[in-house]
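What follows is a single structure, written as structure tokens, with notes after it.
The values are calculated or read from the model by the stated rules, or taken from the named source; none is laboratory data. Not measured: the values here are computed from a predicted model. For neighbour counting, all protein chains shown are included, and Cβ atoms are generated from backbone atoms with ideal geometry for every residue, glycine included.
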Amino acid sequence: MQMEVTPRQKAKILEPEGFSVADVLEERARKMEKRRKRVRTRAALLAVAAREIEQVGYDSLTMDHLANAAGMVRGTLYLYYHSRADIVKAVLRKYWALMRIHRPRGGGLSLKESIHRANTYSVLLAAKNPRLLEAREILLREDPEVAARMATVNRLWSERIISDLTRRGLMPHVNEGYSFLRLKTRAVINMSDTLLSDVHRLSGWDDKEGPIDLDLVIQVMDDLWYRSLYLVASNEN
């Protein structure tokens with residue numbers, strides 16, 4: 001028997017909160033006092049790096065800068081991380097792990113509500129970690145490891161969407177079948193990624209309209225996902 005979702009519960013489900021990676025890592029570092037020194041130091045360095053990325057950006061980040069912010073000599077920093085890219089990649093791995101952990105869950109929502117909840121979460125994440133995503137875009141072009149990891153994240157995301165379409169009976173009736181839908185889903189994900197990576201740069205994008213409203217970004221994302229995948233699939237069926 002399916003439990004009925006109350007209006008209050010639905011409101012909570014529909015309002016997922018994004019998170020700041022810097023805030024989460026700083027909180028974790030504070031709880032490491034009983035761990036081994038090396039573990040504590042690594043956690044503290046990740047927290048410092050996450051905060052400094054958001055404050056100065058990847059281009060202005062240096063190993064000297066990180067060592068000073070962490071209150072250690074540069075040589076000690078190199079015992080843990082070999083380069084600026086190395087420590088930023090470690091922060092990104094934490095970001096991807098936290099993204100999965102905090103991904104909104106819970107049923108009782110309509111199709112459009114589910115899409116809206118997922119997009120709200122994604123946009124809030126981008127808004128709270130803008131310079132980390134900017135660093136990710138730089139490393140995607142420069143580092144094969146980051147590019148491969150991002151491809152894996154998007155592949156898993158695509159598979160979840162296809163599973164959801166299958167569960168809803170919305171697989172399109174086309175000759176290409178699964179291959180067609182997988183490629184189309186990846187295209188929508190790539191368009192969404194482009195928009196999300198630009199969220200922090202969109203403020204003030206149009207002098208006539210003023211600073212962009214995050215609700216507008218979410219609305220665009222909702223329309224993109226619904227019309228490109230779910231509405232089209234529904235019409236084809």
Kindly list, by first and then second residue, each pair from a residue in the stretch 95-120 that is more than 30 Å from ALA49 (Cβ to Cβ) to a residue that is surrounded by 14 or more Cβ atoms within 10 Å (Cβ to Cβ) and among the acidic types (Asp, Glu), limited to pairs with Cβ atoms under 7 Å and residues at least 6 apart or on different chains. ILE115/ASP222; HIS116/ASP222
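Only helices (runs of 4 or more DSSP H) wholly contained in the stretch 52-154 count here; list those with 2 or more residues that are farther than 19 Å from SER192 by Cα. Spell out how you get there, then give the answer.
Numbers: elements: 63-70, 74-78, 84-101, 111-128, 130-142.
Here the list reads 63-70, 74-78, 84-101.
In the stretch 10-25, is there at least one residue being of a type in the set (Val, Ile, Thr), at pLDDT below 90 and buried (at least 16 other Cβ atoms within 10 Å of the Cβ)? Let's see the steps before the verdict.
Keep residues of the stretch 10-25 that are of a type in the set (Val, Ile, Thr), which gives 13, 21, 24.
From what's left, at pLDDT below 90: 13.
With buried (at least 16 other Cβ atoms within 10 Å of the Cβ) added as a condition, the list becomes 13.
Yes, some residue in the stretch 10-25 is of a type in the set (Val, Ile, Thr), at pLDDT below 90 and buried (at least 16 other Cβ atoms within 10 Å of the Cβ).
Looking at the structure I just gave you, is ARG38 surrounded by fewer than 19 Cβ atoms within 10 Å (Cβ to Cβ), in a helix (DSSP H, G or I) and assigned by TED's automatic domain parsing to the domain that holds TRP225?
Details: surrounded by fewer than 19 Cβ atoms within 10 Å (Cβ to Cβ): yes; in a helix (DSSP H, G or I): yes; assigned by TED's automatic domain parsing to the domain that holds TRP225: no.
It is false that ARG38 is surrounded by fewer than 19 Cβ atoms within 10 Å (Cβ to Cβ), in a helix (DSSP H, G or I) and assigned by TED's automatic domain parsing to the domain that holds TRP225.
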Which residues, taken from the stretch 184-213, are touching a Ser or Thr at 6+ places or on another chain (Cβ under 9 Å) and modelled with pLDDT of 85 or more? LYS184, THR185, ARG186, ALA187, VAL188, ILE189, MET191, SER192
From the options LEU79, LEU111, LEU156, residue that is surrounded by 13 or more Cβ atoms within 10 Å (Cβ to Cβ) and either within 21 Å of the chain's Cα centre (by Cα) or not aromatic (Phe, Trp, Tyr) (or both): LEU111
